[in-house]
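Values in this text are rule-based calculations from the coordinates and carry no lab data. None of the values given here were measured: they were computed from a predicted structure. Here Cβ is always computed from backbone atoms with ideal geometry, including for glycine, and neighbour counts include all displayed protein chains.
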Amino acid sequence: WRRNLQPTLTYWSVFFSFGLCIAFLGPTLLDLRCQTQSSLSQITWVFFSQQFCLLLGSCLGGVFKRTLAQSLLALFASSLAISLVFAIIPLCHNVVVLAVVMAVAGLAMGCIDTISNMQLVKIYQKDSAIFLQALHFFVGFGALLSPLIADPFLSDTNCILSNGTANASSNLPHIRKSLVPHHPGNLSHYDLPMKGMVVTRVSYAFWIMALINLPVPIAVFFLLYKERMVPCFNGSSHPLLSADELALETRPGDKDELSTAGQRPHTAAGHEDLFSCCQSKNFRGASFTYFAVHITGALVLFMTDGIVGEYSGFVYSYAVEEPLSVVHKVAGYLPSLFWGFITLGRLISIPVSYRMKPATMVFINVVGVLITFLLLLIFSSSVVFLFVGTASLGLFLSSTFPSMLAYTEDILQYKGCATTVLVTGAGIGEMVLQLLVGSIIHDRGSYSFLVCGMIFGCLAFTFYALLVFFHRMYPKPSPELDEASPDKAAVPEDTGQYQR
């Protein structure tokens, strides 16, 4: 931890950028719709472009993992791109241009997601669980901060002045709270004036977020400078080193290759990008359980991350409809409560993961999700329990991803493609289950929202049970390999790339 303090803090700060960028679209949707003078069906393509490119970026992120220099340069470009996106959004007065800008943000977020998880697992190996919990805490922190920044600048009345403004402005607070990104069908009867003078002040919120995020690429640049991987600074003076160290220091690319050469047999098949993982050469000699661990681990996160997406997206629309009929202003606190307890749960999980095994934490999480949805179904007419259940669900879902990632990597002894496969599976689940639940609610009514959550929770528990079963079947590492000093020394040498 002390030797790797700067890179660890850098990866955490980059994940803060990820969280800052993932949660601002919801509350600013109406103002962005006014800014682009677009219809609701048109503005929803902005959400789709971000989610789709986030998934694509997660798949492509592993391409940049081959050397430390590539990883850090990709993180620098991605975090800088997020600041530029925040600065450019106020200048986008066409919905197509806005969708393209958000697609760039999605690609950057996907790269950040994959690379940061990979690098922390690579640094800390068996001890990575606690650092992954902290990493994902920063996502929640950023996701909480961006709506708070945007709130003072959101329009209280209609953000386009026209002859029909007076009639539409009285409905605006309800419309704003009802603008669920992935389920716009119920809002088609709201006809807001889309022609006139735009009076929104949301631009200031985006510029503030751009400034807040700016220290993140600066921190990545300083790490690149410390590792002497900035091309224009490679000729700078170096401290006196031995001949072997000097040979490594003056050739950063070779240094990264040589530092991992001793452990190449141990990790050559690990932490590949999705396309490299699918090559037939990686399947030679692999057992059935090798594939089963990857697939079941990804399916658990497909369900749990899908629950996070569909619950945060639809809990408001569920609350305001019968039988609960919660006041719109009160129901608006539910998504914030959900994300708040996800952030709190990730903070609590940091010390807990130091004492508790990742497998145990995942078991508690999936069982807690099941019990919470069961109680929400039983007390479906209670507004109080809806708030209690929302908080409970956020707590149980908070540490599922980092715990599952640490658990699966432990099973595979860091030889497989677990990080890439799990990140991709989680991204697909968040995108697919949101669309699926939105269509089911539209056809079957709001009560199906909880039924879908219960079904997804049962499937997550089933896939976790299968993962534990395959874990018991997975071949244990040979004692000779564990006791061999060259291989055991290889792991700390990999983290030595951050040491001087």
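With Cα atoms defining each centre, the range 318-379 and the range 91-159 are spaced 20 Å apart in the structure.
In this simple spin-label approximation, Gln42 and Arg355 carry label points 7 Å from Cα along the Cα→Cβ vector, and these lie 5.7 nm apart. Positive-end ranking of Ser399, Val468, Val451 along the dipole of the range 286-476, with charges on Cβ about the Cα centre, is headed by Val468.
Across the range 350-360, rounded Karplus estimates of 3J(HN,Hα) from the backbone phi angles (6.51 cos²θ - 1.76 cosθ + 1.60, θ = phi - 60°) give 4, x, 5, 5, 6, 9, 10, 5, x, 4, 5 Hz, Gly and Pro being marked x. Peptides 459-468, 145-154, 439-448 ranked from most to least packed give 459-468, 145-154, 439-448, packing being the mean of other C-beta atoms within 10 angstrom over each peptide's residues.
If the segment from Lys126 to Val97 were pulled out straight at 0.36 nm per residue, it would be longer than the present Cα-Cα gap by 6.0 nm. On a per residue basis, the convex hull of the C-alpha atoms belonging to the range 331-464 measures out at 112 Å³.
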